[in-house]
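Notes follow the structure.
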Amino acid sequence: MTRRLIFLGPPGAGKGTQAKVLAQQYHLPHISTGDILRQAVAAKTPLGQKAQSYMDKGELVPNELLQNLVRERLNQPDAKEGWILDGFPRNVGQASFLDDLLPELDQNGYSAINLEVPDHVLMTRLLERGSKEGRQDDNEETIRRRLEVYRQETEPLIDFYKVRSKLKSVNGNLPLGEVTEFIQKVTASGNI
Ligand code: AMP
């Protein structure tokens, strides 16, 4: 069964957590552009060196870098039968790029899962994660900027996918297991 899922939602909505659980259950690669970038930063690769200053400030890394990264990753053999994208696309340019790329790779059809969580919950969750996982960009100032960037750049993707009939919204402000169940329900039919 082919499943291609894009996880949308603000920082702290639980995209990474849910994507990980679902990827395991559906035996699909979990492709987190944030994780790939953090690894590149830690390994001091050319990509990591270019990306770091944007990430530290809570800004988006330039599209060109992300698009090369995603093209390469989706071209890997393990992505042929499906994938879960977490953190990409983050703006309309990236979403249009993906819509052009997928037919080229013979990967047709996907769903966008939008996790809805109120703002005050996001801030609390992100500050908690910052103290638990030590993520550089989980401090109050950077979180504020990431939420702003989300509103300006990423939120328009909700409409982008709605008009293409790809959007499935899920309440992300519920216990982890319940959110997983809702996502399973909306993705249950397979073939997206
Ligand atoms: P995340 O782990 O998804 O919250 O991403 C952490 C940081 O990595 C973001 O704040 C951005 O600086 C960068 N990043 C991750 N994915 C993207 C993307 N699709 N486009 C631009 N920047 C990204």
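Things to note:
- In the stretch 167-185, the residues that are open to solvent by 50 Å² or more (accessible area, probe 1.4 Å) and in contact (Cβ under 8 Å) with a residue 60 or more places away in the chain: Leu176, Gln184
- Test: residue in the stretch 102-115 that is modelled with pLDDT of 95 or more and among the acidic types (Asp, Glu): yes
- Test result for Gln52, open to solvent by 50 Å² or more (accessible area, probe 1.4 Å), more than 30 Å from Lys185 (Cβ to Cβ) and in a helix (DSSP H, G or I): yes
- Test result for Arg145, touching a residue at least 24 places away in the same chain (Cβ under 8 Å), in a loop (DSSP other than H, G, I, E, B) and under 18 Å from the mean Cα position of the chain (by Cα): no
- Residue that is open to solvent by 30 Å² or more (accessible area, probe 1.4 Å) and in a loop (DSSP other than H, G, I, E, B), where the choices are Leu60, Leu47: Leu60
- Complete set of residues in the stretch 158-186 that are within 15 Å of the ligand (Cβ to nearest atom) and under 16 Å from Val117 (Cβ atoms): Gly172
- Check on Leu85, in contact with a helix residue (DSSP H, G or I) (Cβ under 9 Å, 6 or more places away or on another chain), under 22 Å from Thr17 (Cα atoms), modelled with pLDDT of 95 or more and away from the ligand (no atom under 12 Å from the Cβ): no
- Annotation note: of Asn114, Asn68, Asn75, the sole residue that is polar (S, T, N, Q) and either in contact (Cβ under 8 Å) with a residue 40 or more places away in the chain or within 18 Å of Gly14 (Cβ to Cβ) (or both) is Asn114.
- When the stretch 152-166 is filtered for residues that are in a helix (DSSP H, G or I) and loosely packed, with under 12 Cβ neighbours inside 10 Å, the ones remaining, listed by number, are Gln152, Asp159, Val163.
- Of all the numbered requirements in (1) polar (S, T, N, Q); (2) more than 24 Å from Pro156 (Cβ to Cβ); (3) in contact with a Leu (Cβ under 9 Å, 6 or more places away or on another chain), Thr124 misses one, and that requirement is (3).
The values are calculated or read from the model by the stated rules, or taken from the named source; none is laboratory data. No experiment lies behind these values; they were computed from the predicted model shown. Virtual Cβ from ideal backbone geometry, glycine too; neighbours counted across all protein chains shown. With ligands, DNA and RNA removed, areas are computed over all heavy atoms of the protein, side chains included. Shrake-Rupley method; radii C 1.70, N 1.55, O 1.52, S 1.80 Å.
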